[in-house]
1. Simple spin-label model, 7 Å along Cα-to-Cβ: Ser25 to Asn83 in nm?
2. What is the spin-label model distance, in nm, from Asp46 to Asn58 if the labels are put 7 Å beyond Cα along the C-beta direction?
3. Tell me, what % of the accessible area of the chain is carbon and sulfur with a 1.4 angstrom probe?
4. Can you pull out the trypsin sites (Lys or Arg not before Pro) in the range 56-113 that DSSP calls coil and that have at most 12 other Cβ atoms within 10 Å?
5. What fraction of the Cα pairs in the chain, stated in percent, has a spacing above 18 angstrom?
6. Can you tell me what share of the DSSP beta bridges in the range 13-121 is antiparallel? A percent to the nearest 5 is fine.
7. By the scheme Lys and Arg +1, Asp and Glu -1, what is the net charge of all other residues having a beta-carbon under 12 Å from that of Val2?
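The values are calculated or read from the model by the stated rules, or taken from the named source; none is laboratory data. Values in this document were obtained by computation on a predicted structure and should not be read as measured data. Neighbour counts are summed over all protein chains in view; Cβ atoms, including those assigned to glycine, are modelled from backbone coordinates with ideal geometry. These area figures cover heavy atoms from the full protein model, side chains too; ligands, DNA and RNA do not enter into them. Shrake-Rupley method; radii C 1.70, N 1.55, O 1.52, S 1.80 Å.
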Amino acid sequence: QVQLLESGGGLVQAGGSLRLSCTASGRIISITKMGWYRQAPGKQRDLVATVTSGGVTNYAESVKGRFTISRVNAENTVYLQMNSLKPEDTAVYYCGAVLTPHTADYATDYWGRGTQVTVSS
């Protein structure tokens, strides 16, 4: 069974840094894309950053220049380095992946359970 396991959330003061990690486990044929999304209370889940298997990245405008996404394909792991954090970055951060499990012939979306990031002012 495929799972996405996140770690690295926590409480940090404004201007501080956190690093999130997410590893996909299980019998996986291939991973097309991995990334991070966030959801603040009362708001929809939004894209933060994604990276394809070829290394193409995409960032939300609000995090460009502050967050960096990276991926280790051999380990099915994606990282999100978050610097210069702001109170408005406070949210539950979810890892997402588009991957093909061994039980299917097509790629499907998978999600982690989320990790809380709280930035105090």
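1. 3.2 nm
2. Taking the simple label geometry, Asp46 and Asn58 are separated by 1.6 nm.
3. With neighbouring chains kept in place, the figure for the chain is 46 percent.
4. Numbers: sites: Lys64, Arg66, Arg71, Arg113; in loops: Lys64, Arg66, Arg113.
Hits after loop and neighbour filter: Lys64, Arg113.
5. Of all Cα-Cα distances in the chain, 48 percent exceed 18 Å.
6. The antiparallel proportion sits near 95 percent.
7. 0
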